[in-house]
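Read-outs throughout are calculated quantities, based only on the coordinates presented, and are distinct from any laboratory measurement. Predicted model, so just to flag it, every value in this text is computed and none were measured. Ideal geometry is used to build each Cβ from the backbone, glycine not excepted, and the neighbour counts take in all protein chains shown.
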Amino acid sequence: MGQLKKALAASNLVVMEGAREAITDMTTVLARKSNELVPFDTGNLARSIVIKYPTVLSDKPEGSVAYGGAGAPYAVVQHEDTSLSHPPKSKGGSQ
């Protein structure tokens, strides 16, 4: 029974690492695509990007891409107010 537990534990580590790698890859793709769509006027919003990758051997790997914070405090207002429009640079916004 001890060998079975060791084999299962080793398998779990492989699965966790595979999940972390997959989420890291997806987060990278999401960051790249969001950078193509982020409204661009002065560049403050684009430069405020924060990318978080999953930690090694996390049993709940998560990645995220966010904009705003102190670098672009208007981001939340822009995002939530659907009456505002600033085309992304890929759609003809200023560059």
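By the Cα gyration tensor, segment 1-54 has an equivalent ellipsoid whose semi-axes, rounded to whole angstrom, run 40, 9, 4 from largest to smallest. The simple spin-label model puts a point 7 Å past each Cα toward its Cβ; for residue 8 and residue 34 those points are separated by 3.7 nm.
Could you put 51, 23 in order, starting from the residue whose Cβ has the fewest other Cβ atoms within 10 Å? All intermediate terms of the calculation are to be shown ahead of the outcome.
On the way: 51 14, 23 17.
The order, fewest Cβ neighbours first, is 51, 23.
In this rough spin-label picture, where each label sits 7 Å from Cα along the Cβ direction, the residue 15-residue 58 distance is 1.8 nm.
The fraction of all Cα pairs in the chain landing in successive 5 Å bins from 0 to the largest distance is 2, 13, 16, 17, 13, 10, 9, 7, 4, 4, 3, 2, 1, given as whole percents. Axis of helix 2-37 versus longest Cα principal axis of the chain: the two differ by about 10°, to the nearest ten degrees.
Quick one: order 16, 26 by neighbouring beta-carbon count within 10 Å, fewest to most. Before the final figure, lay out each step's value.
Values: 16 17, 26 11.
If I rank by nearby Cβ atoms, fewest first, I get 26, 16.
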